[in-house]
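J.: I'd like to ask some things about the structure below.
The values are calculated or read from the model by the stated rules, or taken from the named source; none is laboratory data. Worth saying up front: this structure is predicted, and the values here are computed from it rather than measured. Every residue, glycine as well, gets a Cβ built from its backbone with ideal geometry; the counts of neighbours run over all protein chains shown.
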Amino acid sequence: MSDLQQKQITNTAKITERFPIPAEGRILAIDPGTKRVGLAVCDPLRITVRPVTTIERGSWKSLLAKIEAQILELDAVAVVVGLPLESSGEESPMSVEARSIARKLSLSLKVPVFLQDERVSSYEAKRRLWEQGINLAETRKRVDAEAAAIILEDFLGLLSSPLPPVEE
């Protein structure tokens, strides 16, 4: 993964102009956690997003196999990994882990891998689930996949944003 691709978190320019991502096709989003990893996907036209599942964190080999299986099953053309920065924008121990996961995925998968700022995705996911009347036990089970859906919504917003003028 290039340095620019790893550091892509500012959401200021249309990412498809810089990186090889097909104009259509499903994108799989990953909300990395220390115990669980949430997954979400969009439809092929990238209009709707839905949470898919939560994977229990185990060995890297096991996690990779489960992610690869989801990519194949969902026919995903790209992967987006949530990058949990501090509210100030500084790196955190978990953002270092997310970058490591993204790097390993980019070396292991046949689809491009991107990072997306996800500073408040878990809080927003909990809020959404509570507003739906989901109880606390069910919220705990679903929050990671819901957070992945938020990460993907933000990434899709970036894809559809206009390019700023190029300064010469």
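J.: Please find, within the range 122-138, the residue that is modelled with the highest pLDDT out of those that are over 19 Å from residue 84 (Cβ atoms) and in a helix (DSSP H, G or I). Walk me through how you get there before you give the answer.
T.: First, pick out the residues of the range 122-138 that are over 19 Å from residue 84 (Cβ atoms): 130-138.
The next check asks that each one be in a helix (DSSP H, G or I); those that pass are 130-131, 136-138.
Values: 130: 74, 131: 79, 136: 73, 137: 74, 138: 69.
Across the range 122-138, the extreme among qualifying residues is 131.
J.: Still on this structure, please answer the following. Do we have residue 119 as modelled with pLDDT under 85, outside any helix (DSSP H, G or I) and of a type outside the set (S, T, N, Q) here?
T.: Details: modelled with pLDDT under 85: yes; outside any helix (DSSP H, G or I): yes; of a type outside the set (S, T, N, Q): yes.
When the stated conditions are applied, residue 119 passes them.
J.: For the condition farther than 15 Å from residue 143 by Cβ, in contact with a strand residue (DSSP E or B) (Cβ under 9 Å, 6 or more places away or on another chain), modelled with pLDDT under 95 and not in a strand (DSSP E or B), what is the one hit in 47, 21? Steps first, answer last, please.
T.: Details: 47 fails: in contact with a strand residue (DSSP E or B) (Cβ under 9 Å, 6 or more places away or on another chain).
Of 47, 21, the one residue that is farther than 15 Å from residue 143 by Cβ, in contact with a strand residue (DSSP E or B) (Cβ under 9 Å, 6 or more places away or on another chain), modelled with pLDDT under 95 and not in a strand (DSSP E or B) is 21.
J.: State the number of residues belonging to the range 82-116 that are in contact with a strand residue (DSSP E or B) (Cβ under 8 Å, 6 or more places away or on another chain) and not in a helix (DSSP H, G or I).
T.: Residues meeting the conditions: 10.
J.: Right, next: Take the range 82-104 and flag every residue that is under 13 Å from the mean Cα position of the chain (by Cα) and in contact (Cβ under 8 Å) with a residue 60 or more places away in the chain.
T.: Selection gives 82, 83, 98, 99, 101, 102.
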